[in-house]
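The values are calculated or read from the model by the stated rules, or taken from the named source; none is laboratory data. Computed from a prediction, not measured in an experiment: that's the story for all the values here. Note: ideal-geometry Cβ built from the backbone for every residue, glycine included; neighbour counts use all protein chains shown. Calculation scope for accessible area: heavy atoms of the full protein, side chains included, ligands and nucleic acids excluded. Shrake-Rupley method; radii C 1.70, N 1.55, O 1.52, S 1.80 Å.
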Amino acid sequence: MGNYINANLTKEEHVVYEAHYHWGFWITPMFFITIFFLPVVFNSEHLNDAPLLYIFPLISVAIFVYTYLRVATDEFAITNQRLIVKKGIISRETLELHLSKVETVMVSQGIFERLIGAGSISVRGTGSTLSSIPYISEPYEFRRVFQQVVGHSIPSAINDGTTSQPATPTRQIEQPAVPISPAIQQQATAQPHQTAKNDISFSSKSEQLFKLKELLDSGILTQEEFDAEKKKILNS
């Protein structure tokens, strides 16, 4: 576990999944090292008359060091409460987004990335919050765990070849029935073709109770808050 994540966990928070850069993240720096750095090292005596050629090995080393620092300092984790994204070299980006605030988790994979099991994750939250996690291992596993912790499917797009349904079935929340007084039942029996107004009222209450139950199950509301809000809806 990364130092930043470990230092910023709350008392009742624990890491569920931690993502890491794929080994393919090293392809570019290793290419530059192989093409520009190693030939100069083994043939340095022949390059005394062309000192400008040493620029390419230096650039190769700089790319390699930059990649190493990103792998060593960037941290991506899903806890039971938040998504934590911390990038620590140039951008100094730090995102700590509550799971309930996430709107989409998007997986992006090219053909080569599909072959080696790498991919990028883009997370969009409420208020246009957007963060990207590039070239990580097992991006679909990251999304699967995320959806499992949240408890419902999260919309996905961008070169995504699979569905965004959770890997494990989640318990369906039964929609609570709105109690109807005998007087209303009698009126509905007497006027079977009465439209719109009463039906819309019942539907509105039912939707409010359904959303309220989701907030209770996700831990955002306590049982006392749920009971108080439910009483207000039923008495409105």
Hits in the stretch 80-117 - residues which are among the polar types (S, T, N, Q) and within 11 Å of the chain's Cα centre (by Cα): SER100, THR104
message: Within the stretch 1-26, take every residue that is aliphatic (A, V, I, L, M) and either in contact with a Phe, Trp or Tyr (Cβ under 6 Å, 6 or more places away or on another chain) or surrounded by 14 or more Cβ atoms within 10 Å (Cβ to Cβ) (or both) and give me the one that is nearest to TYR135 (Cα to Cα).
response: ALA19
Residue count, the stretch 109-142 (criterion: not basic (Lys, Arg) and not in a strand (DSSP E or B)): 16
- prompt: Tell me, which residue of the stretch 109-140 that is within 11 Å of GLY24 (Cβ to Cβ) and hydrophobic (A, V, I, L, M, F, W, C) is most open to solvent (accessible area, probe 1.4 Å)?
  reply: LEU115
field: Search result, residues across the stretch 77-96 that are crowded, with 19+ Cβ neighbours inside 10 Å and hydrophobic (A, V, I, L, M, F, W, C)
entry: ALA77, ILE78, LEU83, ILE84, VAL85
query: Inside the stretch 206-234, can you point out the residues that are of a type in the set (Lys, Arg) and closer than 24 Å to GLN147 by Cα?
result: LYS211, LYS213
message: Exactly one of these conditions fails for ILE233: (1) modelled with pLDDT of 70 or more; (2) assigned to a loop (DSSP other than H, G, I, E, B). Give me its number.
response: (2)
